[in-house]
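These notes are about the structure you will find just below.
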Amino acid sequence: MGVLQPHTVPLEFDLQNDPIAMAEAILAHQPAIVGIGIYIWNVTLCHRLVRTLKRLRRELVVVLGGPQVSHETAQHPIVADTDYVITGEADVAFGQLCQAILVGQRPEQTILPAPLPDLAALDLPYHYYREEDIAHRILYVESSRGCPFHCTFCLSALDHAVRLFPLGPFLAAMQQLLERGARRFKFVDRSFNLHLARAEAILDFFLTFLRRQPTEELFLHFEMIPDRLPESLRQLLQQFPAGVVQLEIGIQSFNGEVQQQICRRQDDQLTEQNLRWLRQSTGIHLHTDLIAGLPGEDLASFAAGFDRLLVLEPHEIQIGLLKRLPGTPLGQGMIFNPDPPYELLYNQTIDFTTMQRIKRLSHYWDMIGNSGRFPHTLALLRQIGASPCATLMQLSDWLYDQTAALHGIALRRLCQLLVQGGVELFQLELTHIQQVVLRDYQRVDPGGQLPLLARQSPLAANGDTAQPRRQRRHRF
């Protein structure tokens, strides 16, 4: 913000805030200019906020920025109710625009492309984290911007190159955060292990902190290229205590033809070797990603990829639905929801009904697999049939038929449903499945008990007798 920094107030809201209350909090500062960062998740709420602000103070200048409005800008409804939009990286451009407006030099055009800032010339913002942020939140930090890959579903496909913040000042800023008590860091770099010497220097920096203060808790999150894990990096990662490092690893698809269609370069065999080594030789938490609905991938191919990844036993497999982010070169032969977050409705290989089934699978998989609450139940389910994904899809369809709910299923209720589903769907022996599910339940509630299920009795949401919803039949 330059000379305007002392006159600038950052405000923070979340998706549960009411736009009227947000507007009241903003206007209490009597601003001349309001800048709002727009993302795929907040654009609808922010549009309501902008319209409210303009109703209350027509002369207020509203400036938008962020990835959601940086591409196909004129097509976003929020833009019509806004004074200016800065596209691209607005670190410097927003402050310059504010200075011009305040001295009466308002630009005539409303959409203003921002030149790429020199990262070496930017003031690092980390000292603006408040004490309550440091005490209660994961702190987002970045040591680089951009991505070397050009996957067609990702906004990073539009990046020209990876740019680096100078390492010395960055590590000095991290040291200051550590001295203030910060212990939880999420690196938003798209490909942390692209520049190996740099990645190793950052890991060694945090290892040095742990050696000096071995009793301190620390959490580090990095996004990693899956097929780039040389011995030098392995040696560093092995030195971190269990639970300190989490790696987010985008697999997206194991289908080579699909990878070609989305311009993704990935050595699948090396990826598998690296994941297996990380799981067996380190205490690192592995969060992996698959995307359903990629061009050329049908349900059978997606399921095969899920099964292939499941064998490697990452701690989490996030099933994401393909989204058509504004600016990405997707769209031909695909129909997306016109409203954020623009999820795929259907394409040439997966119809609408199947996409909805996969979407429900992602929710139930979060409850059963990614939660880590049901290791023994999941191990039993994996033994049913040739494809664990097919088994889980069957269970997902059945759970939705029983509950019509994707959220808010209490743990005891979910345990009862898993027992009932095991009996009704897969003809498992009642006593055995009850014992397996109870074993998982008691990991959360030691000594706790679950109501017994009679083989022929349907379950009710609160323990009462109720008729289940009529089941739909699907072919996998």
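The values are calculated or read from the model by the stated rules, or taken from the named source; none is laboratory data. All values derive from a computational prediction rather than experimental measurement. Cβ atoms come from the backbone with ideal geometry, glycine included; neighbour counts cover every protein chain shown.
Quick rundown of the values:
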read-out: So ASN370, is it farther than 22 Å from ALA304 by Cα, under 23 Å from the mean Cα position of the chain (by Cα) and polar (S, T, N, Q); value: no
read-out: Test: residue in region 133-153 that is assigned by TED's automatic domain parsing to the domain that holds ASP189, in contact (Cβ under 8 Å) with a residue 60 or more places away in the chain and in contact with a Pro (Cβ under 6 Å, 6 or more places away or on another chain); value: yes
read-out: From PRO388, PRO341, residue being assigned by TED's automatic domain parsing to the domain that holds ALA303 and of a type outside the set (D, E, K, R); value: PRO341
read-out: Residue pairs meeting the criteria (Cβ under 6 Å; at least 6 apart or on separate chains; first more than 15 Å from GLY146 (Cα to Cα), in region 158-180; second surrounded by 13 or more Cβ atoms within 10 Å (Cβ to Cβ) and of a type in the set (S, T, N, Q)); value: PHE170/SER143
read-out: Flag for ARG324 being crowded, with 18+ Cβ neighbours inside 10 Å, among the basic types (Lys, Arg) and over 25 Å from VAL245 (Cβ atoms); value: yes
read-out: Any hit, region 243-264, residues being over 21 Å from the mean Cα position of the chain (by Cα), farther than 20 Å from LEU299 by Cβ and among the charged types (D, E, K, R); value: no
read-out: Residue check, LEU344 over 14 Å from CYS389 (Cα atoms), at pLDDT 95 or above and of a type outside the set (S, T, N, Q); value: yes
read-out: Flag for SER156 being in contact with a Leu (Cβ under 6 Å, 6 or more places away or on another chain) and assigned by TED's automatic domain parsing to the domain that holds GLN260; value: no
read-out: Output for region 108-144, where each listed residue is within 23 Å of LYS186 (Cα to Cα) and of a type in the set (Asp, Glu); value: ASP118, ASP123, GLU131, GLU132, ASP133, GLU142
read-out: So ILE26, is it touching a strand residue (DSSP E or B) at 6+ places or on another chain (Cβ under 8 Å), crowded, with 16+ Cβ neighbours inside 10 Å and within 23 Å of PRO115 (Cα to Cα); value: no
read-out: Residue in region 42-59 that is farther than 24 Å from TYR128 by Cβ and touching a Ser or Thr at 6+ places or on another chain (Cβ under 8 Å) present; value: yes
read-out: Among the candidates LEU178, LEU210, LEU167, LEU220, residue that is farther than 19 Å from ILE251 by Cβ, surrounded by 15 or more Cβ atoms within 10 Å (Cβ to Cβ), at pLDDT 95 or above and touching a strand residue (DSSP E or B) at 6+ places or on another chain (Cβ under 7 Å); value: LEU220
read-out: Some residue of region 319-328 being basic (Lys, Arg) and in the same structural domain as GLN416 (by TED's automatic domain parsing); value: no
read-out: Among the residues listed as ILE86, ILE101, the single one being of a type in the set (A, V, I, L, M, F, W, C), in the same structural domain as VAL50 (by TED's automatic domain parsing), touching a residue at least 24 places away in the same chain (Cβ under 8 Å) and buried (at least 18 other Cβ atoms within 10 Å of the Cβ); value: ILE86
read-out: Qualifying residue in region 127-137 (condition: buried (at least 16 other Cβ atoms within 10 Å of the Cβ), touching a strand residue (DSSP E or B) at 6+ places or on another chain (Cβ under 7 Å) and farther than 30 Å from PHE209 by Cβ); value: no
read-out: Listing of helices (runs of 4 or more DSSP H) fully contained in region 349-458 that carry 2 or more residues being at pLDDT 95 or above, crowded, with 20+ Cβ neighbours inside 10 Å and among the acidic types (Asp, Glu); value: none
read-out: Unique residue being surrounded by fewer than 16 Cβ atoms within 10 Å (Cβ to Cβ) and closer than 30 Å to ALA172 by Cβ when the list is PRO6, PRO113, PRO67; value: PRO6
read-out: Condition broken by ASP339, with the remaining ones in (1) under 24 Å from ILE433 (Cβ atoms); (2) touching a Ser or Thr at 6+ places or on another chain (Cβ under 9 Å); (3) surrounded by fewer than 15 Cβ atoms within 10 Å (Cβ to Cβ) satisfied; value: (1)
read-out: Test result for ILE202, surrounded by 13 or more Cβ atoms within 10 Å (Cβ to Cβ), within 15 Å of PRO314 (Cα to Cα) and among the hydrophobic types (A, V, I, L, M, F, W, C); value: no
read-out: The listed residue being in a helix (DSSP H, G or I), under 26 Å from ARG264 (Cα atoms) and among the acidic types (Asp, Glu), out of GLU200, GLU132; value: GLU200
read-out: SER191 vs. criteria among the polar types (S, T, N, Q), surrounded by 19 or more Cβ atoms within 10 Å (Cβ to Cβ) and on the phi < 0 side of the Ramachandran plot; value: yes
read-out: Selection from region 337-348 of residues that are closer than 21 Å to GLN68 by Cβ and not in a loop (DSSP other than H, G, I, E, B); value: GLU343, LEU344, LEU345
read-out: Answer from VAL79, VAL50 - the residue that is of a type in the set (A, V, I, L, M), outside the structural domain of PHE153 (by TED's automatic domain parsing) and touching an Asp or Glu at 6+ places or on another chain (Cβ under 7 Å); value: VAL50
